[in-house]
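Worksheet for the structure shown next.
The values are calculated or read from the model by the stated rules, or taken from the named source; none is laboratory data. Please read all numbers here as calculations on a predicted model, not as lab measurements. Cβ placement follows ideal geometry from the backbone for every residue including glycine, while neighbour counts extend to all protein chains displayed. Heavy atoms of the whole protein, side chains included, go into the accessibility calculation; ligands, DNA and RNA do not. Shrake-Rupley method; radii C 1.70, N 1.55, O 1.52, S 1.80 Å.
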Amino acid sequence: MGNKTFAIIKPDAVKNGYTGKIYDRILQADFKILSAKLMKMTKAQAEGFYEVHKERPFYEELTTFMSSGPCMVLALEKDNAVSAWRETIGATNPDEAAEGTIRKDFATNLGENAVHGSDSDENAQKEIGFFFTESELIANQ
Ligand code: ATP
Ligand code: MG
């Protein structure tokens, strides 16, 4: 199992003032933050990042939302990071997310669900590489 994952504090959560609270959850769950930055994705970046969902009916809504305002992108490290982070964030739909998860506590709705988490080690590597250069990943220095 890999030890890195990629996370986004999505525009709804940043706009609602939850960045600090979500940072606390990350640290409480014993993730090490390898890198983090506040950015505003272009529509093209959002489309590239979510290319895998291109054929889905919500692709336009999703990429418009993800480029609608500032978000925080993070590279996280922990044993078994991909599944540990998905457990910390909860189900995609906040109505189905378990008590104490980030989406349960901070998501707006199914589309605007506060955070992203990679779904495999392979995608974690790709997604970290999509937003961070080697020199930005502190643990590699
Ligand atoms: P993410 O990839 O953002 O961590 P996820 O892996 O839990 O979320 P995916 O199936 O990969 O869920 O969907 C990507 C994102 O697309 C979701 O987080 C959500 O923001 C949005 N989304 C998914 N399903 C829908 C839907 N039916 N309607 C609107 N938006 C949706
Ligand atoms: Mg996903």
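Name the longest site-free stretch of the chain, where the excluded sites are trypsin sites (Lys or Arg not before Pro) in a DSSP loop with no more than 15 other beta-carbon atoms within 10 Å.
Excluding the exposed sites themselves, the longest stretch runs over 55-141.
Cα-based Rg of segment 1-113 per 2.2 N^0.38 Å, rounded to two decimals? List each step's numbers first, then the result.
Numbers: Rg = 13.6 Å, N = 113, 2.2 N^0.38 = 13.3 Å.
In units of the 2.2 N^0.38 Å rule of thumb, it is 1.03.
Roll a 1.4 angstrom probe over the protein heavy atoms and tell me the percent of accessible area of the chain that is carbon or sulfur.
Details: 3630 of 7400 Å².
Heavy-atom surface of the chain belonging to carbon and sulfur, 1.4 Å probe: 49 percent.
Once the piece of chain linking Ser135 and Lys37 is laid out straight, how much longer is it, given 0.36 nm per residue of separation minus the C-alpha distance between them?
Numbers: separation 98, 0.36 × 98 = 35.28 nm, distance 1.34 nm.
Using 0.36 nm per residue and subtracting the Cα-Cα distance, I get 33.9 nm.
Give the residue list of GluC sites (Glu not before Pro) in segment 39-88 that are DSSP loop and have at most 15 other beta-carbon atoms within 10 angstrom.
Glu55
Could you point to the residue in Ser120, Ala81, Gly20 farthest towards the positive end of segment 4-136's charge dipole, with +1 and -1 charges on the Cβ of Lys/Arg and Asp/Glu respectively?
Of the candidates, Gly20 comes out farthest on the positive side.
Give Lys32/Lys126; Lys4/Lys40; Lys54/Lys78; Lys43/Lys78 a once-over and call out the pairs whose C-alpha atoms are over 27 Å from each other.
Lys54/Lys78; Lys43/Lys78
Express the accessible area of the chain per residue in Å², computed with a 1.4 Å probe while the remaining protein chains stay in the model.
Spelled out: the 1.4 Å probe surface of the chain, per residue, equals 52 Å².
Please report the net charge: other residues with Cβ closer than 14 Å to the Cβ of Phe130, K and R +1, D and E -1. Show your work: numbers first, answer last.
On the way: positive: Lys4, Lys37, Lys126; negative: Glu47, Glu51, Glu122, Glu127, Glu134, Glu136.
Net charge in that neighbourhood comes out at -3.
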